[in-house]
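Peer 1: Please find one structure pasted underneath; my questions will follow.
The values are calculated or read from the model by the stated rules, or taken from the named source; none is laboratory data. Just so we're clear, the structure is a prediction, and the values are computed from it rather than from any experiment. Don't worry about glycine lacking a Cβ; one is built from the backbone with ideal geometry, like all the others, and counts go over all protein chains shown.
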Amino acid sequence: MKSIILTAGARLLVALLLVFSVFMLLRGHNVPGGGFIGGLIGAVGFVVYAIACGTSEAREALRLAPEKIAMAGLGIALFSGFMAFVMADDPFTGQWLFIGATETDKGLPLSSVLVFDIGVYLVVMGAILTLVFALEEEV
């Protein structure tokens, strides 16, 4: 049974949850949040969509296999650890790059911590969706 109201609501909820998950990802370095909770919230959006529209439509909406998303996230997280190795620091030591720095302004700070959080975000989202899609297809 497909409900038009549930399907329409799920589409809006996916967009809202994905935006909120990115917000949680970006604010997680200094306050509660980060890659793990952001990935969970993003995965919940696609789980709601899978419940409303079916797993095959949710896979089409995702556009990539969740396993590939998790593997890419693991590669990104490992790359952030390798960045410290290149700078001759301990593994996973935070590295900072200031874009547009001048004598009076530090510029835009980018860190390897954010890269690691993005990797964790993708690993969590991919792993949760892999499990949920497999369980839903089995039922």
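Peer 1: Please verify whether Phe98 is surrounded by fewer than 16 Cβ atoms within 10 Å (Cβ to Cβ) and of a type outside the set (Val, Ile, Thr), treating the condition exactly as stated.
Peer 2: Answer is yes for this residue.
Peer 1: List the helices (runs of 4 or more DSSP H) inside the range 1-91, counting only whole elements, that have at least 2 residues being acidic (Asp, Glu) and either in contact with a Ser or Thr (Cβ under 9 Å, 6 or more places away or on another chain) or modelled with pLDDT under 90 (or both).
Peer 2: Here the list is empty.
Peer 1: Restricting to the range 28-53, and then to whatever is over 19 Å from Val123 (Cβ atoms) and without any contact (Cβ under 8 Å) to a residue 12 or more places away in the chain, can you tell me which residue is nearest to the chain's Cα centre (by Cα)?
Peer 2: The residue in question is Pro32.
Peer 1: Consider only pairs whose beta carbons are under 9 Å apart and that are at least six residues apart or on different chains; among these, list those whose first residue lies in the range 105-117 and is over 13 Å from Leu26 (Cβ atoms) and in contact (Cβ under 8 Å) with a residue 60 or more places away in the chain and whose second residue is polar (S, T, N, Q) and surrounded by 11 or more Cβ atoms within 10 Å (Cβ to Cβ).
Peer 2: Phe116/Ser80
Peer 1: Let me ask something else about it. Applying the selection to the range 92-104, what residues are under 22 Å from Leu122 (Cα atoms), assigned to a loop (DSSP other than H, G, I, E, B) and free of Cβ contacts under 8 Å to residues at least 24 places away in the same chain?
Peer 2: Correct list: Thr93, Gly94, Gln95.
Peer 1: Would you pick out the residues in the range 21-39 that are surrounded by fewer than 16 Cβ atoms within 10 Å (Cβ to Cβ) and within 22 Å of Ala61 (Cβ to Cβ)?
Peer 2: Within the range 21-39, Val22, Phe23 qualify.
Peer 1: Examine the range 87-98 for a residue that is under 20 Å from the mean Cα position of the chain (by Cα) and not aliphatic (A, V, I, L, M), and state whether such a residue exists.
Peer 2: yes
Peer 1: When you look at Asp117, is it closer than 30 Å to Ala65 by Cα and charged (D, E, K, R), yes or no?
Peer 2: Yes.
Peer 1: Scan the range 54-70 and report the pairs whose first residue is under 15 Å from Arg11 (Cα atoms) and of a type in the set (Lys, Arg) and whose second residue is surrounded by fewer than 15 Cβ atoms within 10 Å (Cβ to Cβ) and modelled with pLDDT under 95, with Cβ atoms within less than 7 Å and a gap of 6+ or a chain change.
Peer 2: Short answer, once both residue conditions are applied: none.
Peer 1: For the range 81-95, indicate whether the set of residues that are of a type outside the set (Lys, Arg), closer than 30 Å to Ala134 by Cβ and surrounded by 13 or more Cβ atoms within 10 Å (Cβ to Cβ) is non-empty.
Peer 2: Yes; the residues of the range 81-95 include at least one that is of a type outside the set (Lys, Arg), closer than 30 Å to Ala134 by Cβ and surrounded by 13 or more Cβ atoms within 10 Å (Cβ to Cβ).
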